[in-house]
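My structure is below; once you've seen it, I'll send some questions.
The values are calculated or read from the model by the stated rules, or taken from the named source; none is laboratory data. Since the structure is predicted, the reported quantities are computational estimates derived from the model, not experimental observations. Using ideal geometry, Cβ is built from the backbone for each residue, glycine included, and neighbour counts are taken over all protein chains shown.
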Amino acid sequence: MRLTFLIFSCIIISSSTLFAQSGYFEDAYRFSHVQSNGSSRIMGIGGAQWSIGGDVSNIAGNPAGLGFFRTSEASLSIGYSDWKVNTSYLDQNKSYNTTNFHIPNLSYVMANPKTDLSRGAFKGGAFGISLQRVANFNTEYGYYSDELGNTSIIDFYIQDAFGIPESQIESFGLTGMAYQTYQINPVLFDENGNPINNPDTYDSFVTGFPFQDENVRQEGSSNQLTFGYGANFNHKIFVGGSVGIRNLSFTSIKSYNEEFPDGPLINSSLTERLYINGSGINVNLGLIYKPIDYLNFGFTFQTPTWYAFNEEYEAAMSANYDNFNYEPEDTILGYTEAFSDYLVSSYGLNTPLKLGGGATFFFGKNGFISADVDWVDYSAANLKSRDFNEGPDNEAIKSTYTSTINYRVGAEFKFNVLRVRGGYAYYGDPIANSNFDRSTNQITGGLGARFNKFSVDFTVINQKSNNLYSSYQVLDAQNNNIGPVTSLENRIFTGMLTLGLSF
């Protein structure tokens, strides 16, 4: 299992924030955070979809909307994403760029409507199945500094090692590896010069501040296979439900380096590799009410996703000295290295539930305007495992995260066969008690065309968010983190094409 230190720091979207794969509470947000997804038509109006029926996005969105289908439909979406990250550390800037082709949505709806002359309130319904990408983890970021840092990761190791007897220190993850590579060493004598038996405090003979650089590369995605059904009652009330089966794959490779200009440590490096894969299941219930022809109200309840994960983790550390004589062991230090065991563990994650509502107003047959709002409490996520003590991470989830209010608004206007769309979405900051704004803003626009049996839609999505990344944490006397913090500007541009066939 990963090595859990009881240290918390700044959280960033889609990124680990505490150096050394040290908090499963980070997974709780990373794998719970799902933004609105759907066809190009829905994404063109900002992702608003809780009260719109008759779109393949209803399968995984509001399944009540399947009750609007009068004909069957097959749909394929193709997407291209360009994820740019601009970082700043010690007023030094660096840019990263990651591109990705993907299939965001593949859907089929089988409609079974009743005729207009059929008796009874039930007017038929539709069954739908879709494969949808709900999260993208493909990104890269980091920093490279020509300025000396204000701390060293050795300071983190020293703080983390406090209270651990030397006889046990080698088994304490990265801090134990720092001990094996002589970056930290036990304090062997007390203030009176008396030897300490099995010391539990540490210091370092390394002096001065280092140049620092780091690179973080992440890959993977989360996809959901959804089975849904929606029913139509008197063309006024539409109800539906769906079951989603998710699979998730996440890889993180982090490389951190320090270089000391004055020795005795010339340079050090740390590489960590983490791979997580798993699957989960959720249930989605929806309702759309149409009081008059020109107005829809929609409501959704999405249960938590109950995940089961497996993970693999390993780390390698090296330190290169200038032939330093370490007197306590009477040894000359040159190149030293240490490796973690290949760690395998499993755990469960229950993501937060989601409540949503929306309304759509139609301008006759000329178009519509739609708005959504939903509520998610990320502090309600919960971890379970037999391989490690999940208690500290569950406490971190409760204290670190908070609830968010997300909203989306968009409009579509019709000109014969042509559709013109635009929208905006806002996703709230999930971090409690923070002065840094990590909210996400998204502007969308698109065009579409509807023919007798065929439709084509194209949408562009421009998403922006600002985040923080902390390589490691060092606490001062006031319990404030004085370790390196890098600011990140995320800019994700996505182009999406959807082809639809009715029959």
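Hey, can you tell me all the residues within the stretch 119-146 that are touching a residue at least 40 places away in the same chain (Cβ under 8 Å) and over 30 Å from Asn86 (Cβ atoms)?
Once the filter is applied, which keeps residues that are touching a residue at least 40 places away in the same chain (Cβ under 8 Å) and over 30 Å from Asn86 (Cβ atoms), the stretch 119-146 yields Ala121, Phe122, Lys123, Gly124, Gly125, Ala126, Phe127, Gly128, Ile129, Ser130, Leu131.
Rundown of residues vs (1) surrounded by fewer than 22 Cβ atoms within 10 Å (Cβ to Cβ); (2) in contact (Cβ under 8 Å) with a residue 24 or more places away in the chain; (3) within 15 Å of Tyr229 (Cα to Cα), yes/no style:
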| position | (1), (2), (3) |
| --- | --- |
| Gly44 | no, yes, no |
| Asp55 | no, no, yes |
| Ala60 | no, yes, yes |
| Leu66 | no, yes, yes |
| Thr71 | yes, yes, yes |
| Ser75 | no, yes, no |
| Gly79 | yes, yes, no |
| Lys84 | yes, yes, no |
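Among the candidates Gly286, Gly244, single out the residue that is farther than 19 Å from Phe137 by Cα and touching a helix residue (DSSP H, G or I) at 6+ places or on another chain (Cβ under 6 Å).
It is Gly286.
Mind telling me which of the residues Phe156, Phe101 ends up being out of contact with any Pro (no Cβ under 7 Å at 6 or more places or on another chain), within 24 Å of Thr251 (Cβ to Cβ) and not in a loop (DSSP other than H, G, I, E, B)?
Testing whether each residue is out of contact with any Pro (no Cβ under 7 Å at 6 or more places or on another chain), within 24 Å of Thr251 (Cβ to Cβ) and not in a loop (DSSP other than H, G, I, E, B) leaves just Phe101.
Right, Ile461: among the hydrophobic types (A, V, I, L, M, F, W, C), within 28 Å of Trp83 (Cα to Cα), in contact with a strand residue (DSSP E or B) (Cβ under 8 Å, 6 or more places away or on another chain) and surrounded by 17 or more Cβ atoms within 10 Å (Cβ to Cβ) or not?
The answer is yes for Ile461.
Something else about it: Of all the residues that make up the stretch 327-339, how many are on the phi < 0 side of the Ramachandran plot and either free of Cβ contacts under 8 Å to residues at least 24 places away in the same chain or crowded, with 18+ Cβ neighbours inside 10 Å (or both)?
8
Determine whether the stretch 466-482 contains at least one residue that is farther than 30 Å from Ile158 by Cα, in contact with a Phe, Trp or Tyr (Cβ under 8 Å, 6 or more places away or on another chain) and either of a type outside the set (A, V, I, L, M) or loosely packed, with under 14 Cβ neighbours inside 10 Å (or both).
Yes, some residue in the stretch 466-482 is farther than 30 Å from Ile158 by Cα, in contact with a Phe, Trp or Tyr (Cβ under 8 Å, 6 or more places away or on another chain) and either of a type outside the set (A, V, I, L, M) or loosely packed, with under 14 Cβ neighbours inside 10 Å (or both).
Here's another thing I want to ask about it. Counting just the residues of the stretch 164-206 that are over 38 Å from the mean Cα position of the chain (by Cα) and in contact (Cβ under 8 Å) with a residue 60 or more places away in the chain, which one comes out surrounded by the fewest Cβ atoms within 10 Å (Cβ to Cβ)?
First pass over the stretch 164-206, keeping only residues over 38 Å from the mean Cα position of the chain (by Cα): 167, 186-199, 205.
Now drop any that are not in contact (Cβ under 8 Å) with a residue 60 or more places away in the chain, which leaves 188, 205.
Numbers: Leu188: 12, Phe205: 16.
If we take residues in the stretch 164-206 being over 38 Å from the mean Cα position of the chain (by Cα) and in contact (Cβ under 8 Å) with a residue 60 or more places away in the chain, then Leu188 is surrounded by the fewest Cβ atoms within 10 Å (Cβ to Cβ).
One line per residue, one yes/no per condition, for (1) modelled with pLDDT of 95 or more; (2) within 20 Å of the chain's Cα centre (by Cα); (3) of a type in the set (Gly, Ala, Ser):
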position: Phe339; (1), (2), (3): yes, no, no
position: Asn350; (1), (2), (3): yes, yes, no
position: Lys354; (1), (2), (3): yes, yes, no
position: Gly357; (1), (2), (3): yes, no, yes
position: Lys365; (1), (2), (3): no, no, no
position: Phe368; (1), (2), (3): yes, no, no
position: Ala371; (1), (2), (3): yes, no, yes
position: Asp377; (1), (2), (3): yes, yes, no
position: Ala381; (1), (2), (3): yes, yes, yes
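What's the number of the only condition in (1) more than 24 Å from the chain's Cα centre (by Cα); (2) aromatic (Phe, Trp, Tyr); (3) part of a strand (DSSP E or B) that Phe209 fails to meet?
With respect to (1) more than 24 Å from the chain's Cα centre (by Cα); (2) aromatic (Phe, Trp, Tyr); (3) part of a strand (DSSP E or B), Phe209 is out only on (3).
This table checks each residue for (1) farther than 27 Å from Ile288 by Cβ; (2) assigned to a loop (DSSP other than H, G, I, E, B); (3) in contact (Cβ under 8 Å) with a residue 40 or more places away in the chain.
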{"residue": "Gly228", "(1), (2), (3)": "no, no, yes"}
{"residue": "His235", "(1), (2), (3)": "no, yes, yes"}
{"residue": "Gly244", "(1), (2), (3)": "no, no, yes"}
{"residue": "Asn247", "(1), (2), (3)": "yes, no, no"}
{"residue": "Tyr256", "(1), (2), (3)": "yes, no, yes"}
{"residue": "Gly263", "(1), (2), (3)": "yes, yes, yes"}
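Right, next: Filter the strands (runs of 3 or more DSSP E) completely within the stretch 315-430 down to those with at least 1 residues that are farther than 30 Å from Arg246 by Cα and of a type outside the set (D, E, K, R).
The qualifying strands (runs of 3 or more DSSP E) are 331-339, 354-362, 367-377, 403-415, 418-427.
In addition: So which residues in the stretch 301-319 are within 18 Å of the chain's Cα centre (by Cα) and closer than 19 Å to Asp387 by Cα?
Those that are within 18 Å of the chain's Cα centre (by Cα) and closer than 19 Å to Asp387 by Cα: Trp306, Tyr307, Ala308, Phe309, Asn310, Glu311.
Would you be able to say whether some residue in the stretch 388-400 is within 26 Å of Asn37 (Cβ to Cβ) and either free of Cβ contacts under 8 Å to residues at least 12 places away in the same chain or surrounded by 14 or more Cβ atoms within 10 Å (Cβ to Cβ) (or both)?
Among the residues of the stretch 388-400, at least one is within 26 Å of Asn37 (Cβ to Cβ) and either free of Cβ contacts under 8 Å to residues at least 12 places away in the same chain or surrounded by 14 or more Cβ atoms within 10 Å (Cβ to Cβ) (or both), which makes the answer yes.
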